[in-house]
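Below you'll find the structure, written out as structure tokens, and then a few comments.
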Amino acid sequence: MNTRHLLPLLALTLLPGAAFAHPGHGENGLTAGLLHPFGGLDHLLAMLAIGIWAAQQPRALKLAVPAAFLAALLGGFALAVAGVGLPQVETGIALSVLLLGLLIASAVRLPAAVSLALAGVFALFHGHAHGLEASGGLAAFAAGFLAASLSLHLGGGLLAATVQRRLPLLARSAGAAIAASGALMVI
């Protein structure tokens, strides 16, 4: 790895944990939901990573992985709103970024059931964090973060599909950078 790739990774170490998307600040409404996935590096990377990883999958999973993620994202949100706790939500979110990065970097193709289950488990943590932060206008907030998440999945998928044709190692390098970011989040 040359210094051109190392410097952005080192810059990520300067990001404080408070920059993550889960400060518990009581967001509400459609606009807050639309903006939320863009407000923290953990959500941004995870949403893009789902799209990139899905683009690496066989045809049947290219849409199924993001769809499973979005369904479980909504499920995690509903659990939080209902007062059902999940253990280690922030750790689960950080691990999702790390593991998605590793899956992309290794270009691994898992059985369909495993891929869908992983996407679902990762999304439960992200959705739960969204639910803990919402304080009003729950349906609008959920619609907003689902739409924003879908747009990031699609963006990651389109980026990966374009890059894989021209520079196949670039998508895997992006996975390594996402994994490194996730490792920093876990620490």
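The values are calculated or read from the model by the stated rules, or taken from the named source; none is laboratory data. Quantities reported herein were computed from a predicted structural model and do not represent experimental measurements. Heads up, the Cβs are rebuilt from the backbone with ideal geometry, glycines too, and the neighbour counts pull from every protein chain shown. Side chains are part of the model used for accessible areas, which takes the heavy atoms of the whole protein and leaves out ligands, DNA and RNA. Shrake-Rupley method; radii C 1.70, N 1.55, O 1.52, S 1.80 Å.
Would you mind stating whether residue 92 is at pLDDT 95 or above, of a type in the set (Gly, Ala, Ser), in contact with a Phe, Trp or Tyr (Cβ under 9 Å, 6 or more places away or on another chain) and within 24 Å of residue 138 (Cα to Cα)? Lay out the reasoning, then the answer.
Working: at pLDDT 95 or above: yes; of a type in the set (Gly, Ala, Ser): yes; in contact with a Phe, Trp or Tyr (Cβ under 9 Å, 6 or more places away or on another chain): yes; within 24 Å of residue 138 (Cα to Cα): yes.
Yes, satisfied.
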> residue 125 is checked against (1) surrounded by fewer than 18 Cβ atoms within 10 Å (Cβ to Cβ); (2) not in a loop (DSSP other than H, G, I, E, B) and fails just one. What number does that condition carry?
Replying inline: (1)
> Counting only residues that are assigned to a helix (DSSP H, G or I) and buried (at least 22 other Cβ atoms within 10 Å of the Cβ), how many does the stretch 134-151 have?
Replying inline: 4
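In the stretch 27-44, how many residues are out of contact with any Gly (no Cβ under 6 Å at 6 or more places or on another chain) and open to solvent by 30 Å² or more (accessible area, probe 1.4 Å)? Full working, then the answer.
Keep residues of the stretch 27-44 that are out of contact with any Gly (no Cβ under 6 Å at 6 or more places or on another chain), which gives 27, 31-32, 35-44.
Now drop any that are not open to solvent by 30 Å² or more (accessible area, probe 1.4 Å), which leaves 27, 31, 35, 38-39, 41, 44.
Number of matching residues: 7.
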>> Six or more apart or on different chains, Cβ atoms under 7 Å: show the pairs whose first residue is in the stretch 88-102 and closer than 17 Å to residue 176 by Cα and whose second is open to solvent by 60 Å² or more (accessible area, probe 1.4 Å).
In response: 94/186; 95/186; 98/186
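Could you please let me know if residue 118 is open to solvent by less than 60 Å² (accessible area, probe 1.4 Å) and touching a residue at least 60 places away in the same chain (Cβ under 8 Å)?
Details: open to solvent by less than 60 Å² (accessible area, probe 1.4 Å): yes; touching a residue at least 60 places away in the same chain (Cβ under 8 Å): no.
Considered against the rule, which asks whether it is open to solvent by less than 60 Å² (accessible area, probe 1.4 Å) and touching a residue at least 60 places away in the same chain (Cβ under 8 Å), residue 118 comes out as no.
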> Which is open to solvent by less than 20 Å² (accessible area, probe 1.4 Å), under 14 Å from residue 47 (Cα atoms) and not acidic (Asp, Glu), of 175, 131, 155?
Replying inline: 175
